[in-house]
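A short reminder: the numbers here are calculations on the coordinates, not readings from a lab. The shown structure was predicted, so the numbers you read here are calculated from the model rather than taken from an experiment. Note: ideal-geometry Cβ built from the backbone for every residue, glycine included; neighbour counts use all protein chains shown.
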Amino acid sequence: MALVFEIVPYTLNFRFEAKTSRGPLSEHNTWFIKVWDDQNRSLVGYGECAPFEGLSIDDSPDFEQKMRFALRKIEGALLPKSLEKIGDYVDFISSDLPSVKFGLETALRDLYYGGQQKIFDSAFYNDHQTIDINGLVWMGDKDIMLERLELKVMAGYDCVKLKIGALHFDEELKILSEARAMIGNNGLCLRVDANGAYGLDEVNDVLKSLAKFDIHSIEQPIKSGQVEAMQKLCANSPVPIALDEELIGIVGLDEKRALLEDIKPQFIVLKPTLLGGFIATAEWIDLAEELNIGWWITSALESNIGLNAICQFTSQYNLSLPQGLGTGDLYDNNIPSPLTINNGCLFWDASRHWYLNLTERQV
């Protein structure tokens with residue numbers, strides 16, 4: 001009973017040009033992992049490796065070659081009989097390949113639970129429990145962003161996140177001003193995500209201006225790696241700050257603790273694909289709760305295969321904040337699945353089914 005792997009490259013096509021402060025996105029490359037026992041080809045586990053271009057530490061032109069080499073080291077190993085053994089296999093993958101760790105962990109868990117896209121023994125899968133999520137408003141000109149915001153509010157979202165940092169800041173302030181005039185100050189949580197867009201010479205003025213609009217939090221106002229500057233911002237900002245890119249590449253438990261204790265952020269944003277999977281993400285959550293730091297989990301442009309795994313992991317926790325798991329509707333060729341969004345909540349709709357007829361390529 002030995003493990004066999006296949007890799008399926010896949011390109012996800014955006015429904016629209018998704019603008020960020022790092023540039024526009026029209027497609028996203030991902031790789032699906034299929035794994036089975038060589039004695040039972042009919043039972044297959046699926047995972048997803050989706051390095052984020054320009055952001056993931058494993059984003060490189062030879063990513064697929066590195067992924068294939070890493071999986072060949074495990075191919076032929078015995079079928080894992082416990083979740084602990086799955087963790088041992090994941091630990092065997094280099095920390096330089098966090099998305100491969102995520103994909104392998106997902107695929108092996110799916111196989112362990114019977115190849116039914118069950119990744120965790122969770123209420124999301126078992127009982128179709130809902131998860132509150134934020135609506136995401138991508139960058140565009142003022143009229144487009146306000147129209148998208150209004151559509152999110154009409155769709156029942158209680159929390160909306162706006163991407164900022166690409167337009168002139170005065171224009172973005174006009175958008176926020178009109179947004180608050182449209183939706184009022186009560187009953188709607190408004191987040192912004194800067195993706196490190198602001199320089200140290202301007203960020204304090206930016207934060208002061210944002211505070212006028214009752215902003216829940218700003219994600220990564222300055223580029224990562226500026227620990228002392230970020231610590232000062234978190235200590236003095238009139239808008240709560242959430243670390244995002246700052247967490248990428250931080251691997252050891254002591255290193256994670258040191259970062260959070262040094263910076264003392266109000267929140268952290270967790271992307272399992274970029275952090276090395278669920279074992280690594282759980283370490284961040286444990287530390288955040290120990291240090292009284294708020295957190296939420298966000299997908300990172302995965303297809304529904306990766307998103308499903310993240311949702312099931314997330315639902316294990318007692319959630320007090322809306323999560324960032326609404327990216328499944330971004331693509332016009334996503335993998336059909338039971339994942340459904342209604343009234344600002346994401347859930348597993350048992351009346352809908354997976355379609356996993358993916359073209360195969362042998363590792």
Size of charge dipole - the chain - debye, nearest 20, with Cβ of Lys, Arg +1 and Asp, Glu -1, no other charges: 440
The range 3-117 - Kirkwood radius from inverse mean 1/r over Cα pairs (Å): 14.9
In Hz, Karplus ³J(HN,Hα) per residue of the range 288-296 (6.51, -1.76, 1.60; θ = phi - 60°; x = Gly, Pro): 4, 5, 5, 9, 6, 10, x, 8, 8
Leu339 long-range amide H proximity, modeled H, under 5 Å: Asp349
Alpha-carbon Debye profile of the range 229-278, log10 I(q)/I(0) at 0.32 Å⁻¹: -1.29
Distance histogram in 10 Å bins (all Cα pairs of the chain, percent per bin): 5, 25, 34, 25, 9, 2, 0
All lysines inside 26 Å of Lys223 as judged from Cα atoms, apart from same-chain residues fewer than 8 positions distant: Lys19, Lys101, Lys142, Lys161, Lys163, Lys174, Lys208, Lys212, Lys232, Lys256, Lys264, Lys271
The range 123-348 - share of DSSP beta bridges that are antiparallel (%, nearest 5): 20
GNM top mover of Ala211, Ala288, Ala242 - the chain, alpha-carbon springs below 10 Å: Ala211
Two-decimal Rg/Rh across the range 264-353, once Rg and the Kirkwood Rh are taken from alpha-carbon atoms: 0.98
